[in-house]
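To keep things clear, I will list the structure first and then write my remarks on it.
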Amino acid sequence: MIENAVVPIAPSNAEQHTAWDGKQGAYWAQRADRFNEGVAGYQDRFLAAAAIDTTDIVLDIGCGSGQTTRDAARCATEGSALGVDLSSPMIELARRVSARERVTNVTFLQADAQVHPFPAGGFDVAISRNGAMFFGDAPAAFANIARGLRHGGRLVLLSWQPVQRNEWISRFRAAFARDNELPGPPRPDLPGPMSLSDPATVRGLLASAGFADVRLNGLSEPMYFGPNIEDACEFVAGQFALSLDDLDAGGRARALERLRTDMADHQTERGVLYDSAAWLIEARRG
């Protein structure tokens, strides 16, 4: 494992870098296990689609706390996996966990995958579980990733389907909206959870970056937010801290009460669960 170095950040990713290398990244690092538990229903099919061979060299984009990178490295027993992320808190956590779990063929690097000088054709597989949705310049980012893949190399992404198919996003956004206001849909043309939600956009984006055989498979799984209402409410409120900061004290109290009320309808024997829908995106470098 190597230490962080000074690496270039694309100007279009400056805002994302500030967030993920700051409070937002720290929050995710502190609650990494909960985030992994939330999307656990997708993990097996995501890894199966990656079809990582024992000798593969794998790139994990937006690796976060490194769960997917470590799983890739365990598959590539005679190869290796590199995880990159904008967030130094999450990269540091990924290194600590990998050392604790004795995964030795894995490396983590704080880097901007949009501009990082990956070795040309140096990877057999590039993966990203909900990490490729935040590029400021997605065409440039995927072109750079394509250059890092060998010809015929595979790309496997997990991204969210449109907001109307993701109960958790629509319900939480409604809870944190100002009183008597209905939130507009998230803009798919901006970095964020919806940027890879439209299949036509995804196909065009990847084709223009040099990928072929682009396929999207719709998946649906319940997302886990906590064992009970109070625990889940605290977790989600932290994710939506910026929305809460825009409200006055009374508005914040009402927003949290709306969230608790909604979560009461989603409390199950397994905890607080909300419906979600994702795209499993597969392609290969042409």
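Numbers below:
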quantity	calculated
Scope segment 134-170; condition modelled with pLDDT under 95 and either touching a Cys at 6+ places or on another chain (Cβ under 9 Å) or under 19 Å from Gln239 (Cβ atoms) (or both); matching residues	Phe134, Val163, Ile169, Ser170
Residue within segment 60-74 that is in contact (Cβ under 8 Å) with a residue 24 or more places away in the chain, out of contact with any helix residue (DSSP H, G or I) (no Cβ under 6 Å at 6 or more places or on another chain), under 25 Å from Leu219 (Cα atoms) and surrounded by fewer than 18 Cβ atoms within 10 Å (Cβ to Cβ) present	yes
Filter result for the condition that a residue is touching a residue at least 40 places away in the same chain (Cβ under 8 Å) and more than 20 Å from Glu37 (Cβ to Cβ), over Ala200, Ala255	Ala255
Scan of segment 56-91 for residues that are closer than 18 Å to Gln16 by Cα, assigned to a helix (DSSP H, G or I) and not aliphatic (A, V, I, L, M), ordered by number	Ser88, Pro89
Matching residues in segment 171-211 - criterion: being modelled with pLDDT under 95, surrounded by fewer than 18 Cβ atoms within 10 Å (Cβ to Cβ), under 21 Å from the mean Cα position of the chain (by Cα) and hydrophobic (A, V, I, L, M, F, W, C)	Leu190
The listed residue being among the aliphatic types (A, V, I, L, M), part of a helix (DSSP H, G or I) and either touching a residue at least 24 places away in the same chain (Cβ under 8 Å) or more than 15 Å from Trp168 (Cβ to Cβ) (or both), out of Leu216, Leu242, Leu273	Leu242
Sole residue being among the aromatic types (Phe, Trp, Tyr), outside any loop (DSSP other than H, G, I, E, B) and within 28 Å of His266 (Cβ to Cβ), chosen from Phe134, Phe235	Phe235
Verdict on Gly64 being of a type outside the set (Ser, Thr, Tyr), over 15 Å from Ser128 (Cβ atoms), modelled with pLDDT of 95 or more and within 15 Å of the chain's Cα centre (by Cα)	no
Only listed residue being surrounded by 12 or more Cβ atoms within 10 Å (Cβ to Cβ), among the polar types (S, T, N, Q) and within 30 Å of Ala48 (Cα to Cα), chosen from Ser243, Ser220	Ser220
Filter pass, Ala255 being assigned to a helix (DSSP H, G or I), among the hydrophobic types (A, V, I, L, M, F, W, C), under 22 Å from the mean Cα position of the chain (by Cα) and surrounded by 15 or more Cβ atoms within 10 Å (Cβ to Cβ)	no
Single unsatisfied condition, Gly210 versus (1) at negative phi; (2) touching a residue at least 12 places away in the same chain (Cβ under 8 Å)	(1)
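The values are calculated or read from the model by the stated rules, or taken from the named source; none is laboratory data. Note that the coordinates shown come from a computational prediction; the quantities given were computed from them, not determined experimentally. Reconstructed Cβ throughout: ideal geometry from the backbone, glycine too, with neighbour counts over all protein chains shown.
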